[in-house]
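Notes follow once the structure below has been shown.
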Amino acid sequence: MRCDTLWRNARLATMAPDRAGLGVAETGVIASVGGRILFAGPADEAPGFAASREVDCEGRWITPGLIDPHTHLVWAGNRAREFEQRLAGASYEDIARAGGGIVSTMTATRAASEADLVSQALPRLDALMAEGVTTVEIKSGYGLTVGHEEKQLRAARALGERRPVTIRTTLLGAHALPPEFAGDADGYVDLVCREMIPALAASGLADAVDAFCEGVGFSPAQVRRVFKAARSAGLPVKLHAEQLSNLHGARLAAEFGALSADHLEHLDDDGARALGEAGVVATLLPGAYYVLRETQAPPVARLRDHGVPIALATDCNPGTSPLTSILLTLNMGATLFRLTIEECLLGVTRHAARALGLGADTGTLEAGKACDLAIWDIESPADLVYRLGFNPLHARIWRGQ
Ligand code: DI6
Ligand code: FE
């Protein structure tokens, strides 16, 4: 059988659901054609291939290219000063109420051009890619007008033209209340629902819609309106839910068949059940938990009990998670949230793909999926989770290249 590239003499962690655990094939091969996987599995089950190019992996491990399913990667400005204020005792919510936080990044982002946003985001994207990431979700949410949200989404899409990586964009218009709407959150939600979502859905710049359901964000009633507008515009939804308090956002996300509910530190049992029944992915963000020095970890046992698939993401953003390491995120998932090695690795592969609605396209090494691979100099996949500050990536393949 003809193929473009044949990677042989590899150990595979396919992450495929039809194989137990990590879906390991100790003596594996992967064949690609046209940027897609033609075959991935044990060498003794592979048909004979006539390959244009052969790569001897010398026993290295191959995983699916890693997926970061929740980032706010595109922003301008710098919030190191707020970090100092927090070190001196101010809380994240204090700073937000005093006009800092998301609104300070909004001011800098509004002042930046699309080209500025791209050039400021590229080093962050490069850092993720250097650790084997091949798919990144990027949210807007620092523009907070139709035009500035559009600029942020355009910058996010432009990153995908500058680098060999898949970018999924999410419109997060309901992220914070812009100062011009002070005291009129419902008026701002009207703008999001009546103008922003229809316009940016029609432009094709957004793959999904997200909202921040929180005391310092938007109420469940407001989020419901945002979700209805997304549904009318034909876009799937996601939600920042139960991060700092329990407003029952998870139930709302489940009701709307969300792709994912994210954060979830304060999720209760009803919320976990609702996510499980609706098949919503729980995306956990240990970077924000760490930076905010939270003490209530997401209820992982509840998520397991209700069969909720768990994803992990950096939440890369300038306020609560200035994190551009997916490998450190894996370690934090295990160390801070007590996820197993298998849960951590599924969280940045198969389950992360599902959190982006890309379950059929990427996230496992299976025939028909995009040939997105990470090739590692490790002794076992556990090394990816166990070590800190060490990058064993040998090669990163996106769409077969
Ligand atoms: N939750 C978060 O942790 C980030 N956004 C959100 O909705 C914080 C974003 C920021 O502080 O800039
Ligand atoms: Fe976030």
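Miscellaneous remarks
- Between PRO164, PRO69, PRO286, the residue with the greatest mean-square fluctuation in the GNM of the chain (Cα pairs under 10 Å linked by springs) is PRO164.
- Surface exposure of the chain, expressed per residue as accessible area with a 1.4 Å probe, stands at 37 Å².
- Cα centroid separation, region 152-199 to region 324-401 (Å): 28 Å
- Considering only beta bridges that DSSP places wholly inside region 274-401, some 60 percent are antiparallel.
- Taking only the alpha carbons of region 190-256, we obtain Rg and Dmax values of 11.5, 35 Å in that order.
- When the solvent-accessible area of region 307-369 is split by element, carbon and sulfur atoms take up 55 percent of it, the probe being 1.4 Å.
- Here the chain has an Rg and Dmax of 20.7, 68 Å, counting Cα atoms alone.
- Calculated FRET value between LEU122 and ASP44, using beta carbons and R₀ = 30 Å, to 0.05: 0.10
- Cα gyration tensor category, rounded, prolate or oblate, for region 227-326 with a/c compared to 1.5: oblate
- Using a Förster distance of 35 Å, the FRET efficiency for ASN9-ARG163 (Cβ separation, nearest 0.05): 0.75
- Ligands, DNA and RNA left out, the accessible area of region 211-253 computed with a 1.4 Å probe is 54% carbon and sulfur.
- Overall, the anisotropy analysis places region 103-259 in the prolate class: the square-rooted eigenvalues a ≥ b ≥ c of its C-alpha gyration tensor yield a/c not less than 1.5, with a/b exceeding b/c.
- Pair ALA130, ARG387: separation of 7 Å Cα→Cβ label points (nm): 1.5 nm
- Here the simple spin-label model places points 7 Å from the Cα toward Cβ, and for GLU26 and ASP190 these points are separated by 6.8 nm.
- Centroid-to-centroid, using Cα positions, region 213-251 and region 253-284 are 12 Å apart.
- Spin-label model distance (nm) - ASN78 vs ARG97, 7 Å beyond Cα toward Cβ: 2.9 nm
- Förster radius 35 Å - calculated FRET efficiency between ARG231 and ASP377, Cβ distance, rounded to 0.05: 0.15
- Degrees, to the nearest 10: 269-278 long Cα axis against longest axis of the chain: 60 degrees
- Report summary: the helix-based calculation at 222 nm, which adds -39500 (n - 2.57) for every DSSP H run with n ≥ 4 and divides by the residues of the chain, gives -10000 deg cm²/dmol.
- Sequence-distant lysines (8 or more away, or on other chains) whose Cα lies within less than 27 Å of LYS228: LYS139, LYS151, LYS238
- Remark: the Cα gyration tensor places region 89-144 in the oblate category, a/c being 1.5 or greater and a/b not exceeding b/c.
The values are calculated or read from the model by the stated rules, or taken from the named source; none is laboratory data. Since we're looking at a predicted model, the values are computed, not measured. A quick note on method: Cβ atoms are made from the backbone with ideal geometry, for glycine too, and the neighbour counts reach across all protein chains shown. What goes into the accessible areas is simple: the full protein's heavy atoms, side chains included, and nothing from ligands, DNA or RNA. Shrake-Rupley method; radii C 1.70, N 1.55, O 1.52, S 1.80 Å.
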